[in-house]
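**Q** The following block contains the structure, expressed as structure tokens.
The values are calculated or read from the model by the stated rules, or taken from the named source; none is laboratory data. As the structure is a computational prediction, the values presented were derived from the model and not from experiment. Cβ placement follows ideal geometry from the backbone for every residue including glycine, while neighbour counts extend to all protein chains displayed.
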Amino acid sequence: MFIDGALRGGIKIENFCGNFCPKGPQGCCTYTPTYYLFDLAYMLSIGREDFIKEVLLKKLFTARRLYIQVNPRPETGICQFHDFSSGCTLDWVLRSRTCRRAACNHMNEMILDGNVHYQSRNDLELKLKRAFQKFILEETPLFSLKDYLEPSDNNTDEKFEELINYLTEMWDRFPLKESMTHTEPTETFDFIIETKVKQVEETSLYVEYEVEAIKSPTSH
């Protein structure tokens, strides 16, 4: 287990599900990973277009206006990326924020309670996601992922490439580039995070919001 840096922070425990879960092979990972515009652009920036193509071109998702949700397996309701013997099969940087920060009660009792000090550090990642969303909507007020992922002319491949190019361009132009720099934990980690959060809050892209507002399934 370890706590990662600023942008993709959380709990990482390898093979916990397969080796220790008292529930047996049925597992419990029924969450539908949710990826926002910020997540998709981030993955492109680190060279993981292959993952986005795998999810989007194989139609494994439900498209919303400003995010996608990966559908569970219809026969079991379990996450598509969950393996009964090892747990999550995704690379750390490809996991959604919820999946990077989740810990079941059994995991808490065995590993977390009394052994480590865990600070979820929600502020920076959430604020950057919201700021990136606002930046795109200011540049393209009518932007919708559905226009690219559910095109009326059924030209999916061409629209997909347009989306890739658009998100890459917007990421490169995003004014908060300095605040997005990945930071590994250090003795001054808290100060670094607080400084980056302040940088975001002092820009016109900062928006106060409730955490759940950005991921409401009814938000189209």
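**Q** Could you give every pair whose Cβ atoms fall below 6 Å, whose first residue belongs to segment 144-164 and is in contact (Cβ under 8 Å) with a residue 40 or more places away in the chain, and whose second residue is assigned to a helix (DSSP H, G or I) and among the acidic types (Asp, Glu), counting only separations of at least 6 or pairs across chains?
**A** none
**Q** Restricting to segment 120-156, what's the tally of residues that are closer than 28 Å to residue 208 by Cα and either in contact with a Cys (Cβ under 6 Å, 6 or more places away or on another chain) or not in a helix (DSSP H, G or I) (or both)?
**A** So in segment 120-156, the residues closer than 28 Å to residue 208 by Cα come out as 120-147.
Next, from what is left, pick out any that are either in contact with a Cys (Cβ under 6 Å, 6 or more places away or on another chain) or not in a helix (DSSP H, G or I) (or both): 120-121, 140-144.
So the count comes out to 7.
**Q** Looking at 150, 125, 162 in this structure, which one is among the acidic types (Asp, Glu), surrounded by 15 or more Cβ atoms within 10 Å (Cβ to Cβ), under 24 Å from residue 70 (Cβ atoms) and modelled with pLDDT of 70 or more?
**A** 125
**Q** Among 216, 179, 144, which is polar (S, T, N, Q) and either over 29 Å from residue 56 (Cβ atoms) or at pLDDT 90 or above (or both)? Break it down into steps so the answer makes sense when it comes.
**A** Numbers: 216 fails: either over 29 Å from residue 56 (Cβ atoms) or at pLDDT 90 or above (or both); 179 fails: either over 29 Å from residue 56 (Cβ atoms) or at pLDDT 90 or above (or both).
Of the residues listed, the single one that is polar (S, T, N, Q) and either over 29 Å from residue 56 (Cβ atoms) or at pLDDT 90 or above (or both) is 144.
**Q** To continue, here is another question. Which strands (runs of 3 or more DSSP E) sit wholly inside segment 1-102 and have at least 1 residues that are at pLDDT 90 or above, among the charged types (D, E, K, R) and within 30 Å of residue 140 (Cα to Cα)?
**A** Where strands (runs of 3 or more DSSP E) fall fully within segment 1-102, none carries at least 1 residues being at pLDDT 90 or above, among the charged types (D, E, K, R) and within 30 Å of residue 140 (Cα to Cα).
**Q** Considering only residues that are closer than 20 Å to residue 132 by Cβ and among the acidic types (Asp, Glu), which ones fall in segment 143-168?
**A** Hits for segment 143-168 are 147, 162.
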